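So the structure is just underneath, and the comments pick up after that.
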Amino acid sequence: MSKLAVITGASRGLGRSLVQEFVASGWDVIAITKSPWAGMDEPGPEGVSVVQWDVRAEPGEELADAVAGRPVDLIVNNAAVGAPHAPLGSIDPERVLNSVDVNVAGPLRLIQFLLPNLLSAPDPIIVNVTSRLGSLTAQANGDFADLPTSYAYKISKAAQNMLTVSLAHDLQGKVRCWAVHPGKLATGMGQADASKEPSTAARELRELVDSADRTSPRFCSLGEQDLSW
């Protein structure tokens with residue numbers, strides 16, 4: 001039986017490229033989308049099961065039916081949201097809370113729901129697609145002080161990194177847990193000068209998953225050196 005990956009935020013950008021990359025490499029994929037996947041009718045192409053689910057809600061029967069009790073070899077928590085940059089005094093706390101709900105609580109909901117399936121796989125991996133902007137060390141050093149990044153995005157990605165560390169400690173020796181910065185992607189959420197294609201990042205992530213790296217937790221930038229937490 002093929003390995004099974006569950007990928008959130010799969011309808012566009014990096015998520016869609018990840019689905020295509022892993023299916024092309026012989027994996028079965030459950031593609032989780034908040035909105036319908038344009039151009040793809042249910043049940044999707046061979047090897048792909050599309051599940052429509054907003055990660056801010058509890059997972060339900062549709063996801064359970066798609067997994068069908070199988071071991072889950074890989075979870076990629078790719079769904080993410082940020083907020084427009086605003087000066088201090090104009091920041092909407094509700095946007096910050098929404099980003100934490102999507103970027104932190106969403107992955108936690110999915111992992112808890114699929115934990116028995118993860119633990120029944122021979123060598124499972126959790127990948128939280130994060131950002132270098134979530135590095136407390138880099139932010140404290142002022143490395144990104146010139147970037148107009150929202151409080152919502154920076155705070156939620158730092159919290160997501162802590163989630164990765166916490167999961168790695170709880171699941172040590174059972175599930176590898178990685179925080180992965182994909183690079184400056186040319187997507188709708190990317191920076192103005194971003195040029196890296198999502199398909200390139202998807203290939204690099206698949207190669208990382210296929211590697212023998214046993215480090216957990218790990219905070220890495222695809223194609224580059226590991227990052228400081």
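The values are calculated or read from the model by the stated rules, or taken from the named source; none is laboratory data. The model shown is predicted, which means the values in this text are computed figures rather than measured ones. No Cβ is skipped: glycine too gets one built from the backbone with ideal geometry, and neighbour counts run over all protein chains shown. Surface areas here come from the heavy atoms of the whole protein model, side chains and all, with no ligands, DNA or RNA. Shrake-Rupley method; radii C 1.70, N 1.55, O 1.52, S 1.80 Å.
What's the extension gain from Ser166 to Ala86 if we count 0.36 nm per residue and subtract their Cα-Cα distance?
Full-extension gain reported as 25.8 nm.
Could you pull out every one of the aspartates and glutamates with an alpha carbon less than 13 Å from that of Lys157, ignoring same-chain neighbours closer than 8 positions?
Asp101
Enumerate the amide H contacts of Lys3 below 5 Å, restricted to partners 5 or more residues apart or on another chain; note that Pro and chain-start residues carry no placed amide H.
Counting only residues 5 or more places away or on other chains, the set is Asp28.
Name the long-range amide H neighbours of Ala86: under 5 Å, sequence gap of 5 or more, or other chain; modelled H, no Pro or chain starts.
Amide H to amide H, under 5 Å and 5 or more residues apart or across chains, Ala86 pairs with Tyr151.
May I ask you to derive the relative contact order of region 1-130, considering only C-alpha pairs under 8 Å and at least 6 residues apart, and to give it as an integer percent?
Relative contact order comes out at 27 percent.
Which of the listed residues, Leu208, Gln225, Thr8, is farthest toward the dipole's positive end in the chain, when Lys, Arg count +1 and Asp, Glu count -1 at the beta-carbon?
The residue sitting most towards the positive pole is Gln225.
Hey, any idea what % of region 105-165's accessible area is carbon plus sulfur with a 1.4 Å probe?
Answer for region 105-165 is 61 percent, counting heavy atoms of protein chains only.
Would you mind getting the accessible area per residue of the chain, heavy atoms of the protein chains only, 1.4 Å probe, in Å²?
48
For the chain, give the share of DSSP beta bridges that are antiparallel, in percent and rounded to the nearest 5; count only bridges with both residues there.
Rounded to the nearest five, the antiparallel share is 5 percent.
Pull up all non-local amide H partners of Phe219: gap of 5 or more, or a different chain, and H-to-H distance under 5 Å with H placed in the peptide plane.
Result for Phe219 returns Ala179, Leu227.
State the dimensionless ratio Rg/Rh of region 50-117 (Rg: radius of gyration of Cα atoms; Rh: Kirkwood radius).
1.10
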